[in-house]
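Written out below as structure tokens is the structure these notes cover.
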Amino acid sequence: MDKLNNIPHKILFYFGLLVVFIFLGLSYWQFSSFQNDNAALEQFKNTNLSSPITIEDLYLDNSDEVFEFNKVVIKDNNNLVKKRTWYLRSRVNNGVNGYHLINLYKDKDTDNHLIVNNGWIPLDKNENKSFSNQEIVFVGRLIKYDQQSFGQDDIPNSEYLFRIDKNFIENEVNVILPNYYLTLTETCGSGVECINLEEPYDAPHLSYALQWLFFALCLIVVIFRKNNLI
């Protein structure tokens, strides 16, 4: 304890340790993202059988037929009418920037709705909505909605989204959404590239985790050496 009271660079010591904890937190966050990506891929591999369901099924807690990453075919899709379109920002495909095309559909016979991620489109296509004219086959994977986190907030009355946030979209269009949205894997639309969920963008979460851990260790060495603790 006396040694800590007599260290020559107290500001460096305490402020540096705070930064070290921040780096360790970032490292843990990236490693957790790496583990989550691997777990999601494993679930994709284990759920390859297509299950015919209705939109109404998505509103129910029917775990035998409806669960995250389940591959499904939406029955009675001829009843679906498109009500709203958004572009999901900052999506990269093979090194090319673009958007994901997000559509809100309504069942003509009921008040049931469905959010559909049609797939990826490049930046120069977002002005040309011809891709939405092709007949869509509603075959894809069920995905949980994104959660609001730190970063950009979605803007009301905008055609752009930062995330597929259930609460935001419900408030934006005054509807009640089902428990999952659908990401199409087949026949996604003219000019739209289906998202390959089995081989997604390989985000460098693990390398980032090691990078932040390395920065934390280097800073610890600097702090201790400057204060003659090692």
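The values are calculated or read from the model by the stated rules, or taken from the named source; none is laboratory data. Everything quoted here is computed from the prediction, not taken from an experiment. A quick note on method: Cβ atoms are made from the backbone with ideal geometry, for glycine too, and the neighbour counts reach across all protein chains shown.
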Reported set for segment 143-185 where residues are at pLDDT 90 or above and at positive phi is ASN174
Taking segment 179-192, which residues are closer than 23 Å to TRP120 by Cβ and surrounded by fewer than 20 Cβ atoms within 10 Å (Cβ to Cβ)? THR185, GLU186, THR187, SER190, GLY191
Would you list the helices (runs of 4 or more DSSP H) that sit entirely within segment 1-94 and hold 1 or more residues that are outside the structural domain of ASN157 (by TED's automatic domain parsing), at pLDDT 70 or above and surrounded by 11 or more Cβ atoms within 10 Å (Cβ to Cβ)? 10-45
